[in-house]
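J.: Before anything else, here's the structure in question.
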Amino acid sequence: MHQDSGVHTNRLWKGLVPAALLALVAGCGADPGPQESSPTDLPPGETTGPVASRPPSPPSEEPPATAVPEPVEPGPQAGSWFHRFGGPQDDSGTGLAVDGLGNISVVWLSTPREDDDRESVPGQRRGLSVAQYSPDGTERWVRDFSRMRVASPNVAASPSGDLFLSGNAFLYPLDFGLGAATDGFVVKFSGEGQPLWQRRAGQKVYGMAADGEGGVLVVAEEWTPEGHVPVLAHYDAQGAFVWTRQLDLVAEGTELHAVALDPSSRTLLAGRLVGTLTVDGRAFGAEGGQGLVLLAFEKDGSLAWGRDWRGVDGHVTGLKLNPEGGAVLVGGFRDTLPWGDTRLSGPGAFVVAADPDGAERWAHPLDCGAASAPPVVAVDEAGQVVALCGGMLSAYAPEGTQRDQRLLSPGECPEGDCPVMGTALGIVPGQGVTLAGYQRHGGAGAGNAWDQEAFLRLLTP
């Protein structure tokens, strides 16, 4: 895999040129030359794997206002790199985010093997870890939160470098250094990993998107005796509401989980809709039916426009905006998915694009390889699309032409047989594509003794 040192820009978020993106995906099966993360200092009495924690510093009483830095030119392009996290327990990368300076933050879970009906092993542990790396793969900081049971942890990063962690405390309150975090929570960290504030966003939180001023938009759900109520909440840099609204009660099976925020603070929300939903006087869906829905909200939370695709049995697992304000969505479906002039046949996964008003543009089925995970997607400043489904990476031009797709190889696998599963995806300006997920080590001969470890990697052209 070669480095194209000619990819430079004087803009804050510069994607790869088409030829370089094609070269990146075409070369993604190569081993990037592994770099294993080195241990850090452990708290007294704590047992962990190769990556451990440095305890978070106490927050300041009044978090400072977030200053957005001036756009900077990316440094020289780094080579591909690979970090492997974990220990004897099972570890899985669940989310990553890239800030405006190209720093990459990743969150991963550690789970004892017996949680997967396998034999326990000495030294295994449970916990959640968050780490940040510079574009060249240098560790900037690591925070380890031991003995935590967390569902669906994810991260989002602001242009200025602030980091947001969300998840669901489904058994007991959690402590990230700010007291009890309950139910669906969001925690803001500084660019140095210092916790600043936290909020309860709902009974469960599903997605979030950082804005350009140090705040974050969260999509969550409240549970009432009558059923589930979707919630949108936009917090400013200090954790106060910019706006928040509860939608109408939705039928069981509705999943409005994918969210994106454009530079003008318009919000896009997408997902599965069962039955009907009325928003600001407009009705979507059909009584007794199912489909997909895409809603746009103004910066005050009022509905700008909405579209639905009735009769589609599907789910939206990823949503990103292109430079023109249009949407790119990925997910899975059964039966058929009509999209403009294209009709996809299922069951399978999809990547589709829409104009800024929601009109259908292009659609493709996604190949997920032998095993699948919920698809994820990233879009660069030029409008090029990269989708990740299971162990398969696919690239598309802005107009929808598929450029290539490649199966990911393990980043480091002494055993020679390490299945790879990608779970999160991002683009590092001027550098390449970054991925997180997990690899299983031990090979076919390991029986029930295989080990699963999280990874973070950068692929460059």
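J.: Which residue, of L273, L256, is part of a strand (DSSP E or B) and under 20 Å from the mean Cα position of the chain (by Cα)?
T.: Step by step, each of L273, L256 is checked, and only L256 is part of a strand (DSSP E or B) and under 20 Å from the mean Cα position of the chain (by Cα).
J.: Quick check: anything in region 62-71 closer than 29 Å to G430 by Cα and at pLDDT 55 or above?
T.: no
J.: Limited to region 218-237, what total is found for residues that are part of a loop (DSSP other than H, G, I, E, B), closer than 24 Å to K299 by Cα and free of Cβ contacts under 8 Å to residues at least 60 places away in the same chain?
T.: Count: 1.
J.: Further, regarding this structure: If I filter region 380-397 for residues that are crowded, with 17+ Cβ neighbours inside 10 Å, more than 18 Å from the chain's Cα centre (by Cα) and either at pLDDT below 95 or of a type in the set (D, E) (or both), do I get at least one hit?
T.: The answer is no, given that none of the residues of region 380-397 is crowded, with 17+ Cβ neighbours inside 10 Å, more than 18 Å from the chain's Cα centre (by Cα) and either at pLDDT below 95 or of a type in the set (D, E) (or both).
J.: Also, quick follow-up: Can you list residue pairs whose Cβ atoms sit under 6 Å apart, with the first residue in region 372-394 being closer than 15 Å to A353 by Cα and the second being open to solvent by less than 10 Å² (accessible area, probe 1.4 Å) and polar (S, T, N, Q)? Count only pairs 6 or more apart in sequence or on different chains.
T.: Listed by first residue and then by second, the contacts come to A387/S394.
J.: I need the full set of residues from region 320-336 which are free of Cβ contacts under 8 Å to residues at least 24 places away in the same chain and either on the phi > 0 side of the Ramachandran plot or exposed (fewer than 15 other Cβ atoms within 10 Å of the Cβ) (or both), in order please.
T.: R334, D335
J.: Can you tell me which condition V219 does not meet? The list is (1) within 18 Å of the chain's Cα centre (by Cα); (2) surrounded by fewer than 16 Cβ atoms within 10 Å (Cβ to Cβ); (3) of a type in the set (A, V, I, L, M, F, W, C), and all the others hold.
T.: It is condition (2) that V219 fails.
J.: Kindly indicate which of A370, A359, A363, A378 is closer than 23 Å to S80 by Cβ and small (G, A, S).
T.: A378
The values are calculated or read from the model by the stated rules, or taken from the named source; none is laboratory data. Source: prediction; values computed, not measured. Cβ: placed from backbone, ideal geometry, glycine included. Neighbour counts: every protein chain shown. Keep in mind that these areas ignore ligands, DNA and RNA; they rest on the heavy atoms of the full protein, side chains included. Shrake-Rupley method; radii C 1.70, N 1.55, O 1.52, S 1.80 Å.
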